[in-house]
1. In the range 68-89, is there at least one residue being within 27 Å of Lys113 (Cβ to Cβ), among the aliphatic types (A, V, I, L, M), at pLDDT 85 or above and out of contact with any strand residue (DSSP E or B) (no Cβ under 6 Å at 6 or more places or on another chain)?
2. Being part of a loop (DSSP other than H, G, I, E, B) and either touching a His at 6+ places or on another chain (Cβ under 8 Å) or buried (at least 16 other Cβ atoms within 10 Å of the Cβ) (or both) is the filter here; which residues of the range 174-200 pass it?
3. Tally time: how many residues in the range 193-227 are of a type in the set (A, V, I, L, M) and closer than 18 Å to Glu115 by Cα?
Amino acid sequence: MATEDPKEAGITPNCTVYIRNLRERVNFGKMQEQLREIFEDYGQVTEIILKRSLKRRGQAFIVFDSVEAAANAIEEINGFELFGKPMVLAYAQTRSDATVLREDGPEALQAHKEERLAKKELRQAQEAQEAANKKRPAPDADDSARPSKLIKGAGLKSTAPSQDMTLVGEYAEPNTTLFLQRLPPGVNEEVLMAVYERFEGFKEVRHFEAYPDIGFVEFATLASAISAKEATDNTPIGPEGKLMRVTYQNKGNANDN
């Protein structure tokens, strides 16, 4: 089976092989044993990661100690049948934690984990926005056709946010994680700590350089999170005093690893 050129796919060749199309109804221990037996012929396998979540079943990652070993495995094993299904192989989109630690050290590993968490939380936020858009009722045709001069206050600029500006997390159920949006330049983790550490039950702030306009604040209890949200939503922050929007994190995919 031909493999996709990683350069054309925008993926840098690395030590981690991504596998999909594995048979799902196979014991995890047995699957891991078979994968190790197959892939160890191509180099030293430092880690095998099998996905257990519902959305990720049938997928795995094989971490080698060299890019050459990963390249040989992809070239030779792609399309090989395991438990009656052909495996589909490619380079992983990002390096594994074990590879980052080995090649770049502990500090780089921490940054790698933070970036991955930021991407995951941003994806959850985007999914929440899509869900909110689907739930939003369509405008009434009669209202949209009504002449503006018949509408009370026509010509006046509304101070309320329009439907198009509905924020991610607007319809999320209250939970212990606050989702901060519209953070202006100059606002960092230290600034957010100063705002939220005064609230009872405060645990941590998560703010990432890759996504500077959003952040997350974790509380120990729901009551603490609600209190902090009510106190800080639409309050000025940063040098220019821009209004920060505070909603709840979408928890729909919290268990998706």
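The values are calculated or read from the model by the stated rules, or taken from the named source; none is laboratory data. Keep in mind that this is a model prediction, so the values were computed, not measured. Here the Cβ is made from the backbone with ideal geometry for all residues, glycine too, and neighbour counts use every protein chain on show.
1. yes
2. Taking the range 174-200 and keeping what is part of a loop (DSSP other than H, G, I, E, B), we get 174-176, 182-188, 197-200.
Across the range 174-200, the qualifying residues are Asn175, Thr176, Arg182, Leu183, Pro184, Val187, Asn188, Phe199.
3. Just the residues of the range 193-227 that are of a type in the set (A, V, I, L, M), to begin with: 193-195, 205, 210, 214, 217, 220, 222-223, 225-226.
If we keep only those that are closer than 18 Å to Glu115 by Cα too, we end up with 205, 210, 214, 217.
Result for the range 193-227: 4.
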